[in-house]
Amino acid sequence: KNQVEQSPQSLIILEGKNCTLQCNYTVSPFSNLRWYKQDTGRGPVSLTIMTFSENTKSNGRYTATLDADTKQSSLHITASQLSDSASYICVVSAATGTASKLTFGTGTRLQVTL
Amino acid sequence: NAGVMQNPRHLVRRRGQEARLRCSPMKGHSHVYWYRQLPEEGLKFMVYLQKENIIDESGMPKERFSAEFPKEGPSILRIQQVVRGDSAAYFCASSPNKPNTGELFFGEGSRLTVL
């Protein structure tokens, strides 16, 4: 069964600090992995999409890594800001099939405080 | 270029009534997806449509739920005879290509509350 597990479930950090969110998956065959940011009461917004051959991809203060051998991904946030407070969702796509083959993690809820 | 538009943003229904949620995809997108999100839980796939066709409805409950994406107009998710367990946020997403090849663009969601 395809699964995506994220850790930690929730995280509180001080403004300006760095943090790393983890995503482990068992989706097969693998196509790509996406990280989304979902603000409270809003729809998810894409941060990065990573394919099998990509190890690292950055989007501003967000850097995602992918290890296809261990089936792990991480999202590193540098110099956190209050606006980074949100849920971060890892989504893994299988190489075949339709939308049902997008497996969503339950997200990591990040709170950045003063 | 407007994003994915969903309405209503909030909907309150009494048990037994019908709920209709609408989704207009981004311009040029012909693939539409509906997801349900319960409080404190992740997004759960419901149905994938491509203009006038249901491609994958493996996530749809067998009864009371239906979806359509007509040639003209928005996609509609219809829930008949709502029950309290239907209370959730319903998100629509669209893409220009098949879902496993590119990015999904999400709307802001429709929050259904069943009294």
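Read-outs throughout are calculated quantities, based only on the coordinates presented, and are distinct from any laboratory measurement. Computed from a predicted model, the values in this text were never measured in an experiment. Heads up, the Cβs are rebuilt from the backbone with ideal geometry, glycines too, and the neighbour counts pull from every protein chain shown.
All conditions but one from (1) assigned to a loop (DSSP other than H, G, I, E, B); (2) more than 24 Å from B:Arg15 (Cα to Cα); (3) in contact (Cβ under 8 Å) with a residue 12 or more places away in the chain; (4) at the interface with chain A (Cβ under 8 Å from one of its Cβ atoms) apply to B:Glu103; the one that does not is (3). Within segment B:70-99, the set of residues being within 13 Å of chain A (Cβ to nearest Cβ), surrounded by 13 or more Cβ atoms within 10 Å (Cβ to Cβ) and assigned to a loop (DSSP other than H, G, I, E, B) comprises B:Lys98, B:Pro99.
Considering segment A:55-88 alone, what residues qualify as being among the small types (Gly, Ala, Ser), in a loop (DSSP other than H, G, I, E, B) and touching a residue at least 24 places away in the same chain (Cβ under 8 Å)?
Taking segment A:55-88 and keeping what is among the small types (Gly, Ala, Ser), we get A:58, A:60, A:64, A:68, A:73-74, A:79-80, A:83, A:85-87.
If we keep only those that are in a loop (DSSP other than H, G, I, E, B) as well, we get A:60, A:68, A:79-80, A:85.
A:Ala68, A:Ala79, A:Ser80, A:Ser85, listed by residue number.
Please verify whether segment A:35-54 includes one or more residues that are aromatic (Phe, Trp, Tyr) and not in a strand (DSSP E or B).
yes
Scanning segment B:47-56 for residues that are closer than 20 Å to B:Gln6 by Cα and touching a helix residue (DSSP H, G or I) at 6+ places or on another chain (Cβ under 9 Å) gives B:Val47, B:Tyr48.
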